Amino acid sequence: MEKEYNSSLVEERIYSFWESQGFFTGNPSHPERFSMVLPPPNITGPLHMGHALPYTLPDIVARRMRMMGKSVMWLPGIDHAGIATQMVVERELLSKGIKREEIGRERFIEEVLKWKEQCRETILKQLKRLGCSLDWTRERFTMDEGLSRAVRKVFVTLFKEGLIYRGFYLVNWCPRCGTALSDLEVIHKETNGYLYYIKYPIKNEESFIVVATTRPETMLGDTAVAVHPQDERYRNFLGKFAILPIVNREIPIIADEVVEKEFGTGAVKVTPADDPTDFKIAERHNLPFINIFDTKGRLNSNAGNEFAGLDRYEGRERVIEKLKGLGLLERVENYSYSLGHCQRCGTTVEPYLSWQWFVKMKPLAEEGIRVVKEKRVELIPSFWEKTYMEWMENIHDWCISRQIWWGHKIPVWYCLKCNEVISEMEKPEKCPKCGSEELKEEKDVLDTWFSSALWPFSTLGWPEETEDLKAFYPTDLMVTGFDIIFFWVARMIMMGMKFMGDIPFRKVFINGLIRDEHGQKMSKSRGNVIDFMEMIEKYGADALRFTLASLAVPGMDVSLSEKRIAGYKAFANKVWNASRFVLLNYRGESLSIKEDELSIPDRWIRSRLQKAIREVNEALDEFKFYEASEKIYHFIWDEFCDWYIEFVKEDLKRRNISSLSNLLFTLDKILRLLHPFMPFITEEIWQKLPHVSGSITVAPYPLPELELIDDEIEKKVEKMMELVKAIRKLRAENLFPPSSFVDVSVRILNEDKAIFLENVPYIKNLSRVKELNFVDELPSVEEGLRLISTDFEIAVTTPPPKKEISEKRRKEMEKIEKEINSIIQKISNPGFMEKAPEEVREKLKNRLNELQILKEKLSEGK
RNA sequence: GGGCGGUUAGCUCAGCGGUAGAGCACUGGUCUUACACGCCGGGGGUCAGAGGUUCAAAUCCUCUACCGCCCACCA
């Protein structure tokens, strides 16, 4: 074994080995199954650090489950990511001087498919480098033929049930992407702008009604002015008409409840075709809808010849100028308001009146609410339930049509003769109503999340009743980010209930955002992005995985620093070297343990190991990855390496086979315990252990053997550790070099003298003591060479190399007195002795006793 | 306007009713034959603030202040 662990020489080779052995292939007929589906990454580019967390955590779970004897099926795949991918490819083509419109829909799709293949390869490679134990025999893509059939099946079914409908409504429209968006795809940002006060002359009168607006250009589409019905100021305006400036259209002054009296002037211009509130007012009052924009966000001919073709912002300038000229712009105020932006390209969205397809969500949401309320689907951490419920209970219909090219075509045809709308899985021959063969195909595609919502069952073969579907649905766990709870998690639950009649997953672990070392969001503009492949190359996938696990507190964001990753690379190296030590000391003996040959440290580490195993399993059962990783880390580094290996060196001098066996068996357990977190290095080392064969990926995961826990031994060893630490402390304080040996006298103060006497070789070895004398009376030495504990008193009798008078004693005394006082205060509280449990009282009393002895001894020493 | 998180050592975070913890950073010693990605020591916190509950509160309750996020049709 090399002196240093080099992950780059190991990881890729090991993954290929696993893959070739088929360890990750799920078996649907296995009696115990565990299944998950990977949240499919978008094919918009390579994976980034944001993926590393939700892909590492389920792998830890998957690997543990596999080691627990289950047949694990973790299904990988990628998402076509409609708008996002179309945008990326468009940009890519544009850099080569090619415009999407020039090459047409078909050729553009070809280009996207090429891109997809390239992207897929990168992503697959990255997932493998991360070590994800995915079932590659079941890889899927949201636009596969099978999944596309599922999409059509769902659409047609919902359409026939009336849960999908087509309507002419005001939707969020991105003028850059040229498509409708769902409410969720609109990001609201606080924006600094202006509030314009515009005077609308009253017909046949000399007076005005003043309206306030942030969008003066939309006045070109106004069809009313509204005031609150109870607003005294405007009572006698009701029923009159205003003359819309510039356009000179007569528009009614109406009363509607939604108008806020306090805002602006209390009178609001109504633009039904450009504002959701106005849209509803118009519906209530039968106002006309005048659409003044085109699909690019430019004013159209409805806005008047003077404005047609102008961009909305140019239009605004022009309208303001005109109003100024007419003397109708009363005033302008600074005003900050919330503006919607396209999630993908950041363009300000424009409400746009158009024909779109919608899913009626209320009926679907009912089941989605029920299964979470009943805890059939458990959100972890549970505080997300409230957010989920609130959204589900106030759910709006979902606009699912997109006017883009890349996506699942909506399976609808229109009869050109009788206008019948036909939705079928495949193109119909003729109109079922009038028999005409003149059918026009729907050009729109579906929202990418429509297919994502089906992912847990469409990937398993639905609508066919496949063996996989029966075996692996519902899945056991979903790990994903909070940012897609509404987009994805909620919709998967609703669709799962609707089409499978069952939940898509039993548990959803909601991970936080990956941030930089100062808790800042990672972004290219901040320049604080940590590249995850670079980290893998530099520190190894194991180190990265362990880092992520150690930071994964349910529901909390994760602040990642390169130093932390480097720290766990050191940990991997530590594991490597500890293993190297063990293997260096193994000389082919046949291993076995004779109980009576085991040393005290052997029995101690065995007991400690069981506790570590128990704690790690318990933490993992509760998805406390951080706790599990911390327990393993400290067990391996502090207890196994820093203490046990040092102890066992003594036993190895005597070639105690039971101790050697115990050492090897402990290492084996440690590697298996660690494997889900650090799969590569543990496999690499495990293969080198004697008496093992196969792969650690399918070796049993350690479970605690509680009968091996021995609290007595643990206490004993703790005492000898204390003595070792005391001697080390005196050595350090007196600047004895670590390589030197000292002589020490010890006076034991309690009855457990035997513990110390029995373990002299270990104590001497760990504290680098040459002569350890047990005495009844300590020889006189300089003050700094003595130390008193509750169990013993020691003196270093070797003269120190340098004189360094320790001022620490006084501080120590102060500390002790402070603690004594706090305990006395507690005990003298009458309520305490009465109400505190026996256990706590005993503990405090004992502690007080100890402290008082210490205090006495310490002051004696002065 | 509602709601949800957070505020603990210089930094990033655990702990969530019984004597303040980790990693990193800092600091003293050291290449003691697994490991200098190491070993052995050390320093460092009135747990955001104010009330309350309790024998006991970083931990439970109430309020306040800041930070972050989500939802919402005051144009």
Cut-off under 12 Å on the C-alpha distance; same-chain residues fewer than 8 positions from A:LYS199 excluded. Which aspartates and glutamates are left, in chain and number order?
A:GLU330
On a full-extension model of 0.36 nm per residue, what is the gain between A:ARG747 and A:PHE832, subtracting their alpha-carbon distance, rounded to one decimal in nm?
27.0 nm
Rounded if a/c under 1.5, otherwise prolate or oblate - the stretch A:513-559, Cα gyration tensor axes
oblate
Under a crude label model (7 Å from the Cα following the beta-carbon direction), how far is A:LEU757 from A:GLN403 in nanometres?
9.5
When the C-alpha atoms of the stretch A:93-201 are aligned to their principal axes, what extent does each axis show, in angstrom, from largest down?
72, 45, 35
P(r) for the stretch A:706-754, please, calculated from all Cα pair distances in 10 Å bins and given in %.
20, 42, 26, 11, 1
Pairs of Cα atoms farther than 23 Å apart, the stretch A:293-378, %
54
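Can you give the net charge of the other residues whose Cβ lies under 11 Å from the Cβ of A:THR218, counting K and R as +1 and D and E as -1?
Details: positive: A:ARG215, A:LYS269, A:ARG312, A:ARG316; negative: A:GLU217, A:ASP222, A:ASP274, A:ASP275, A:ASP278, A:GLU350.
Local net charge: -2.
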Loop-only trypsin sites (Lys or Arg not before Pro) in the stretch A:638-682, please: DSSP not H, G, I, E or B, and at most 16 other Cβ atoms within 10 Å.
A:ARG654, A:ARG655
Ignoring solvent entirely, what values of log10 I(q)/I(0) come out of the Debye formula for the stretch A:235-284 at 0.13, 0.16, 0.20, 0.29 Å⁻¹ when each Cα is a single scatterer?
-0.32, -0.49, -0.78, -1.32
Geometric extent, Cα atoms of the stretch A:425-475 - Rg, Dmax (angstrom)
16.5, 46
The Kirkwood hydrodynamic radius of the stretch A:738-791, taken as the inverse of the mean 1/r over all distinct Cα pairs, in Å, comes to 12.1
Assigning unit charges at the beta carbon (Lys, Arg +1; Asp, Glu -1) and nothing else, what dipole magnitude in debye, to the nearest 20, does the stretch A:199-304 show about its Cα centre?
200
On alpha-carbon atoms, Rg over Rh for the stretch A:429-583 using Kirkwood Rh?
1.18
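What shape does the stretch A:541-616 have by the C-alpha gyration tensor, where a ≥ b ≥ c are the square roots of the eigenvalues, rounded means a/c under 1.5, and otherwise prolate means a/b greater than b/c and oblate the rest? Don't skip to the answer; put the middle values down first.
Values: a/c = 3.92, a/b = 1.86, b/c = 2.11.
Oblate shape, in that a/c is at least 1.5 and b/c is the bigger or equal ratio.
Express in nm, to one decimal, how much length is gained between A:VAL421 and A:ASN765 on full extension, taking 0.36 nm for each residue of separation and deducting their alpha carbon distance.
Numbers: separation 344, 0.36 × 344 = 123.84 nm, distance 8.75 nm.
Full-extension gain reported as 115.1 nm.
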Between A:GLU842 and A:MET721, what is the label-to-label distance in nm when each label sits 7 Å out along the Cα-to-Cβ direction?
2.2
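Of all DSSP beta bridges in the stretch A:390-522, what percent run antiparallel (nearest 5)? Walk me through the intermediate numbers first.
On the way: 10 of 16 bridges.
If I count the DSSP bridges inside the stretch A:390-522, around 60 percent turn out antiparallel.
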On each of the three principal axes the extent of the alpha-carbon atoms of the stretch A:581-639, given in whole Å and largest first, is 40, 25, 19
At q = 0.11, 0.24 Å⁻¹, what is the base-10 log of I(q)/I(0) for the stretch A:323-435 according to the Debye formula with one equal point scatterer per Cα and no solvent? Please give it to two decimals.
-0.74, -1.28
From the phi of every residue in the stretch A:68-79, what ³J(HN,Hα) in whole Hz does the Karplus formula 6.51 cos²θ - 1.76 cosθ + 1.60 yield, where θ is phi - 60° and glycine or proline is x?
8, x, 8, 8, 9, 10, 10, 8, x, x, 10, 10
For each pair in A:LYS470/A:LYS498; A:LYS521/A:LYS563; A:LYS574/A:LYS594; A:LYS96/A:LYS116; A:LYS160/A:LYS296; A:LYS719/A:LYS855, compute the distance between the two Cα atoms and list the pairs where it is over 25 Å.
A:LYS574/A:LYS594; A:LYS160/A:LYS296
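Give me the orientation-averaged projected area of the Cα convex hull of chain A, in nm², one decimal. The partial results should precede the final answer.
Numbers: hull surface 203.0 nm².
Projected area, direction-averaged: 50.7 nm².
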For the stretch A:261-343, take the convex hull of the Cα atoms, compute a quarter of its surface area, and give me that in nm², please.
7.3
Hey, how many Å between the Cα centroid of the stretch A:731-797 and the Cα centroid of the stretch A:423-489?
75
Per residue Cα convex hull volume for the stretch A:225-378, in cubic angstrom?
196
The stretch A:445-531: D in µm²/s via Stokes-Einstein (Kirkwood Rh, Cα pairs, 37 °C, 0.692 mPa s)?
222
Measuring from the longest principal axis of the C-alpha atoms of chain A, the long axis of helix A:657-674 (C-alpha) lies at a number of degrees, nearest 10, equal to 10
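R0 = 41 Å: FRET efficiency of A:GLU190 with A:GLU366, Cβ-based, nearest 0.05?
Numbers: r = 35 Å, r/R0 = 0.84.
That pair, A:GLU190 with A:GLU366, gives E of 0.75.
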Angle between chain A longest axis and helix A:82-95 axis [Cα atoms, degrees, rounded to 10]:
80
Quick one: which residues, 5 or more positions from A:THR214 or on another chain, have an amide H under 5 Å from its amide H? H modelled 1.01 Å from N in the peptide plane, none for Pro or chain starts.
A:TYR196
Of A:ILE109, A:ASN291, A:LEU163, which is farthest towards the positive pole of chain A's charge dipole, taken about the Cα centre with +1 and -1 on the beta-carbons of Lys, Arg and Asp, Glu respectively?
A:ILE109
Straight-line reach from A:LYS845: which aspartates and glutamates have a Cα under 19 Å away, not including same-chain ones fewer than 8 places off?
A:ASP791, A:GLU817, A:GLU819, A:GLU834, A:GLU856
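Taking each pair of distinct Cα atoms in the stretch A:167-309 once, what is the resulting Kirkwood hydrodynamic radius in Å? Each step should come with its number before you reach the end.
Values: mean 1/r = 0.0625 Å⁻¹.
This gives a value of 16.0 Å.
Once Rh for the stretch A:95-151 is found with the Kirkwood sum over Cα pairs, what is the Stokes-Einstein diffusion coefficient at 10 °C and 1.306 mPa s, in µm²/s? Before the final figure, lay out the partial values.
Values: Rh = 13.8 Å.
Diffusion coefficient, whole number: 115 µm²/s.
Report the FRET efficiency, 1/(1 + (r/R0)^6), for A:LEU708 and A:TRP391, where r is their Cβ-Cβ distance and R0 is 45 Å, rounded to 0.05. If you can, show how the numbers build up before the last one.
Values: r = 50 Å, r/R0 = 1.10.
That pair, A:LEU708 with A:TRP391, gives E of 0.35.
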Antiparallel bridges, percent of DSSP beta bridges restricted to chain A (to nearest 5)
70
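Run through every distinct alpha carbon pair of the stretch A:553-684 and return the Kirkwood hydrodynamic radius in angstroms, one decimal place. All intermediate terms of the calculation are to be shown ahead of the outcome.
Details: mean 1/r = 0.0636 Å⁻¹.
Here the Kirkwood hydrodynamic radius works out to 15.7 Å.
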At a Förster distance of 60 Å, what's the computed FRET efficiency of A:GLU856 paired with A:GLU589, Cβ-Cβ distance as r, to 0.05?
0.70
From the helices alone, meaning DSSP H stretches of at least four residues, give me the mean residue ellipticity at 222 nm for chain A, per-run term -39500 (n - 2.57), in deg cm²/dmol to the nearest 500.
-13000 deg cm²/dmol
For chain A, find the longest principal axis of its Cα atoms and tell me its angle to the long axis of helix A:276-285, 0 to 90°, nearest 10.
40
Projected area, mean over directions - the stretch A:625-727, Cα convex hull, nm²
8.0
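Explain nothing, just the number: dipole magnitude of chain A about its Cα centre with +1 on each Lys and Arg Cβ and -1 on each Asp and Glu Cβ, in debye rounded to the nearest 20. Could the numbers behind the result be given before it?
Values: 125 positive and 135 negative charges, 212 e Å.
Using Cβ point charges on Lys, Arg, Asp and Glu, chain A gives about 1020 debye.
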Rounded to the nearest 20 debye, dipole of the stretch A:452-576 from Cβ charges on Lys, Arg, Asp, Glu:
500
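Since every read-out is calculated from the coordinates, none of them should be taken as a lab result. Quantities reported herein were computed from a predicted structural model and do not represent experimental measurements. Here Cβ is always computed from backbone atoms with ideal geometry, including for glycine, and neighbour counts include all displayed protein chains.
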